[in-house]
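As structure tokens, the structure follows; a few thoughts come after it.
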Amino acid sequence: MDMHTVVVGTSGTTAEDVVAVARHGARVELSSAAVDALAASRLIVDALAAKPEPVYGVSTGFGALASRHISTELRGRLQRNIVRSHAAGMGPRVEREVVRALMFLRLKTVASGHTGVRPEVAQTMADVLNAGITPVVHEYGSLGCSGDLAPLSHCALTLMGEGDAEGPDGTVRPAGELLAAHGITPVELREKEGLALLNGTDGMLGMLVMALADLRNLYTSADITAALSLEALLGTDKVLAPELHAIRPHPGQGVSADNMLRVLAGSGLTGHHQDDAPRVQDAYSVRCAPQVNGAGRDTLDYAAVVAGRELASSVDNPVVLPDGRVESNGNFHGAPVAYVLDFLAIVAADLGSICERRTDRLLDKNRSHGLPPFLADDAGVDSGLMIAQYTQAALVSEMKRLAVPASADSIPSSAMQEDHVSMGWSAARKLRTGVDNLARIVAVELYAATRAVEIRAAEGLVPAPASQAAVAALRAAGAEGPGPDRFLAPDLAAADTFVREGRLVAAVEPVTGPLA
């Protein structure tokens with residue numbers, strides 16, 4: 001198997017495969033076991049379709065219209081119509097990586113053999129992904145119950161050769177033209193297939209998986225920036241001692257403390273150069289960084305467990321069981337995923353908040369233990385990083401608003417048939433914004449802390465080797481050091497890119513060893 005190919009089998013997929021397909025364009029192939037399972041389940045659906053008794057999704061309408069029995073000659077039209085009518089999204093386009101994750105995860109469930117979809121439909125899904133064709137999916141339309149119906153419908157519409165899609169060159173064209181250009185034949189949907197393409201938690205799950213990947217990097221980055229801030233504030237690293245964290249054994253707390261301790265190893269600043277009024281203890285934002293960062297890490301681990309279960313799931317209604325039954329169920333409900341998406345928004349907001357508090361302390365001459373006001377070159381003539389903290393504070397304020405849970409809401413739909421919905425898609429969309437903002441917040445702390453460390457170094461104090469590596473890498477990335485005021489936005493943008501691409505972690509690990 002080529003290292004750039006993801007093989008989809010019958011037993012789900014991994015977070016790594018989702019990221020590979022969604023972000024890095026990995027090719028997708030169906031395993032022979034998946035093709036066999038697809039064919040076997042289709043035989044069951046075809047047999048049920050031939051019977052006079054109505055079966056939901058096979059020979060009936062949908063949702064509140066499930067009581068109508070659909071005659072054989074109308075069933076193809078029924079499947080096409082559900083896709084067309086449910087492709088009712090509005091608003092801005094959703095990001096390409098989200099749509100690719102959405103399509104790949106729906107293919108994952110289809111390949112399980114529990115949906116009754118024909119092998120050729122699954123193959124067309126893989127072909128569209130491999131061609132780099134991305135359906136136009138809109139921001140609004142999913143309530144996260146019966147899955148992400150509208151987003152998935154826009155993807156299914158592309159399989160039918162209808163609607164709009166983006167080609168590999170980034171140009172939006174009619175989907176039929178793009179399929180023809182890549183030699184892909186549009187699918188003619190049969191019994192149950194339209195429904196099976198729409199009924200899953202794939203959008204919210206894809207966004208959860210990618211958020212977890214991004215947050216892992218940001219939490220390690222925040223451990224580094226917290227260590228740099230502690231060092232710049234002449235704080236004590238004694239609070240990071242392993243024996244202190246062993247008596248409150250939350251796993252993430254111990255990991256964050258260890259990361260910080262390794263970044264600070266060899267520092268000539270920590271705890272040895274107090275001012276005229278020595279501190280007995282550092283402020284909470286410095287002293288409690290491992291507790292806050294660690295609690296967030298533990299939350300990531302819990303969310304990853306939920307994501308792993310969902311990645312191993314077959315989410316559809318009805319489902320084809322191995323004994324030949326086709327049964328209705330509620331597995332499409334997005335509550336498990338929605339809850340952890342909201343939980344992650346809360347911890348991301350709190351991480352952003354503590355980062356901002358340390359930044360503010362670095363800039364305040366009354367609390368920074370000898371650093372110049374706002375880390376300015378000539379305070380009064382220069383404003384230094386005053387407004388960088390304003391920007392950071394604005395981001396933190398938005399993070400707090402985004403932390404309000406979407407999953408606590410429910411608006412009934414489908415004539416009260418779907419009377420309790422998860423709002424998981426909305427939880428995922430606001431988390432994406434939150435993760436994006438968190439990278440900027442961490443970047444501002446990094447920018448302030450490295451400037452403060454350099455000011456200390458100019459006074460003759462020797463920073464830790466890992467700190468020196470972080471400063472050098474950030475400067476090489478285009479974020480300049482102390483000096484007179486200059487156009488600040490480009491420096492902050494460079495720091496942002498540096499953090500979100502994982503380059504901060506990469507810069508210190510040659511000194512510290514691998515950080516968790």
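The values are calculated or read from the model by the stated rules, or taken from the named source; none is laboratory data. Treat the numbers as computed from the prediction; the structure is a model and nothing was measured. Cβ placement follows ideal geometry from the backbone for every residue including glycine, while neighbour counts extend to all protein chains displayed. Just so you know, the surface numbers come from the protein's heavy atoms only, side chains and all, with ligands and any DNA or RNA stripped out. Shrake-Rupley method; radii C 1.70, N 1.55, O 1.52, S 1.80 Å.
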TODO: Sort region 143-217 into rounded, prolate or oblate with this rule: let a ≥ b ≥ c be the square roots of the eigenvalues of the Cα gyration tensor; rounded if a/c is under 1.5, and if a/c is not under 1.5, prolate when a/b is larger than b/c, oblate otherwise.
DONE: oblate
Open item on the list: What does the charge count around residue 60 come to, taking other residues whose C-beta lies under 13 Å from its C-beta (Lys +1, Arg +1, Asp -1, Glu -1)?
Closed with: +2
- [ ] Can you tell me which of 209-215, 92-98 comes out highest on packing, and rank the rest after it, using the mean Cβ neighbours within 10 Å?
- [x] 209-215, 92-98
TODO: Would you mind classifying region 24-77 by shape? Square roots of the alpha carbon gyration tensor eigenvalues, ordered a ≥ b ≥ c; an a/c under 1.5 is rounded, otherwise it is prolate if a/b is larger than b/c and oblate if not.
DONE: prolate
Task: the chain: angle of helix 149-159 to the longest principal axis, Cα-based, in degrees nearest 10 - done: 60
Open item on the list: Using only the alpha-carbon atoms, how far is helix 96-110 inclined from the longest principal axis of the chain? Give it as 0 to 90 degrees, nearest 10.
Closed with: 50
Open item on the list: Considering only C-alpha atoms, what is the centroid distance from region 297-332 to region 133-163, in Å?
Closed with: 20
Task: Potential lengthening between residue 182 and residue 298 on full extension [0.36 nm per residue; Cα-Cα distance subtracted] - done: 37.3 nm
Task: Sequence of 11, 314 from largest to smallest accessible area, 1.4 Å probe - done: 11, 314
Open item on the list: If you count only protein heavy atoms with a 1.4 Å probe, what accessible area per residue comes out for region 1-131, rounded to a whole Å²?
Closed with: 44
TODO: Could you check how much of the accessible area of the chain is carbon and sulfur, as a whole percent, using a 1.4 Å probe?
DONE: 57
- [ ] Could you calculate the contour length gain from residue 66 to residue 378, that is, 0.36 nm times the residue separation minus the distance between their Cα atoms, to one decimal place in nm?
- [x] 105.0 nm
Open item on the list: Applying a 10 Å radius around every beta-carbon, put 13-23, 462-472 in order of their mean neighbour count, most first.
Closed with: 462-472, 13-23
TODO: Compute the length gained on full extension between residue 243 and residue 323: take 0.36 nm times their separation in residues and subtract their Cα-Cα distance, giving the result in nm to one decimal.
DONE: 23.3 nm
Task: Cα long-axis angle, helix 75-86 against the chain (0 to 90 degrees, to the nearest 10) - done: 30
Task: Net charge over other residues, Cβ less than 12 angstrom from the Cβ of residue 19 (K, R count +1; D, E count -1) - done: -1
Open item on the list: Can you sort 46, 148 by solvent-accessible area, 1.4 Å probe, largest first?
Closed with: 46, 148
Open item on the list: I need the shape label for region 42-111. Rule: rounded when a/c is under 1.5, else prolate if a/b > b/c, else oblate, with a, b, c from the alpha carbon gyration tensor.
Closed with: oblate
- [ ] Can you grab the distance from the C-alpha centre of region 351-396 to the C-alpha centre of region 405-439, Å, no decimals?
- [x] 35
Open item on the list: Tell me which chymotrypsin sites (Phe, Trp or Tyr not before Pro) from region 410-516 have a DSSP coil assignment and no more than 15 other beta carbons within 10 Å of their own.
Closed with: 487
- [ ] Over all alpha-carbon pairs in region 375-494, figure out the percentage whose distance exceeds 17 Å.
- [x] 66
Task: Accessible-area ranking of 269, 43, largest first, probe 1.4 Å - done: 43, 269
Task: Cleavage-rule hits, GluC sites (Glu not before Pro), region 420-516, DSSP coil, Cβ neighbours within 10 Å at most 11 - done: 459
